[in-house]
1. Once you put a point 7 Å from the Cα of residue 184 and another 7 Å from the Cα of residue 220, both along the Cβ direction, what distance in nm separates them?
2. Can you give the three extents of the C-alpha atoms in the stretch 231-272 along their principal axes, from longest to shortest, in whole Å?
3. To the nearest 20 Debye, how big is the dipole of the chain about its Cα centre, given +1 on the beta carbon of each Lys and Arg and -1 on that of each Asp and Glu?
4. Grab the beta carbon distance between residue 227 and residue 38, set R0 = 30 Å, and tell me the FRET efficiency rounded to 0.05.
5. Obtain the nm distance between the two label points defined at residue 59 and residue 45 by a simple spin-label model: each point lies 7 Å from its Cα along the Cα-to-C-beta direction.
6. At q = 0.14 Å⁻¹, work out log10 I(q)/I(0) for the chain with the Debye formula, treating every Cα as an identical point scatterer and leaving solvent out; two decimals please.
7. Using a Gaussian network for the chain with springs between C-alpha atoms less than 10 Å apart, which of these wobbles most: 79, 21, 257?
8. Straight-line reach only, C-alpha to C-alpha below 26 angstrom: list the lysines that residue 125 could link to, leaving out same-chain residues fewer than 8 apart.
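Every number in this text was worked out from the coordinates using simple rules, so none of it is lab data. Because the structure is a prediction, the values reported are computed rather than measured. With ideal geometry, Cβ positions are generated from the backbone for all residues, glycine too; neighbour counts draw on all protein chains shown.
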Amino acid sequence: MADHKSVALLGTGIMGAAMARNLLRTGHTLRVWNRTRAKAEPLAADGAQVFGTPAEAVTGASTVITMLFDGAAVLETMREAAPGLTSGAVWLQSTTVGVDDVPRLAAFGAEHGLVFVDGPVLGTKAPAEAGKLTNLAAGPDRAREALVSVHDAIGQRTVWAGDDGSTAAATRLKLVCNNWTLALTHATGESVALAKGLGIDPQSFLDTIEGGLMDCGYVHLKADAIARDDFAPSFALSNAAKDTRLILAAAQAAGVRMDVAEAGAERFRRAEASGHGDEDMAAGYFASFGD
Ligand code: NAP
């Protein structure tokens, strides 16, 4: 029987590093690789084995997790990993990718005998560090059992959206959820900017909506970041801009008009152009000022 606690993780950025630490804390054997090796090295102190190539990292692992930037990065990395992959291993593809990327990735998995799971996550840096992500997943029943210990390590809840990863059922759900999150982020940034423009203390905006139906946790999270001028990334703006492009492409293919998301894409474009791409997406706020 496969040892489901032998895990390889490709990509130790904000989310991957947090997931890695929770996998290690919960008794998994963890082999990691990151394009920029220096970002993976600190995980050695937590017990991870750090490798120089994706192929070395996945060798012998019964579960492979990818947590990279986008679909292209995942395919490129998995091609490099191919010589080390074990037929029958479960591939939990957690990167946020496009709806069109998923069947391509599933086909790669099938070619290499992997059990492909479309498995994006909801939640940002703090929930990832606390092991409290919401795991979305679509894949065959045999993957569910194999992934229980991984899912329990990284998340507080797992939502199975389908039994065939290639249909992108989990990714479609993820993009819908992200559209909501991104709209909240833009509405927060604009409302704080408008408050300032109209000579209103942004805090009185927050105090006024507090506890009512218009209130939500996200508005406080992002408005507080703006108030503290703290744009250390939980979710980098350039990553959020990528997700907006994925949402718009999926919507276009489905014949759905997305005026708010289009406007959000333009705000992210302006914020990126003025140098805020590596900051948290709350820095989309800066799109309200200047050209
Ligand atoms: P991140 O900190 O920017 O990490 C991105 C990772 O992708 C890094 O390991 C980076 O390697 C790697 N990468 C980028 N391009 C690559 C390429 N061409 N080949 C190989 N590796 C490449 O981002 P993150 O916040 O952890 O997000 C990772 C994924 O999770 C993204 O798809 C994001 O949309 C999704 N996500 C993020 C959040 C969040 O709140 N942060 C929440 C849910 C889902 P280097 O270190 O070498 O640059």
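1. Spacing of the two 7 Å Cα→Cβ label points: 1.2 nm.
2. Principal axes ranked by extent give 36, 16, 11 Å for the Cα atoms.
3. Dipole magnitude for the chain comes out near 480 debye.
4. Efficiency, rounded to the nearest 0.05: 0.40.
5. 2.8 nm
6. Here log10 of I(q) over I(0) equals -1.00.
7. 257
8. 5, 39, 174, 222, 242
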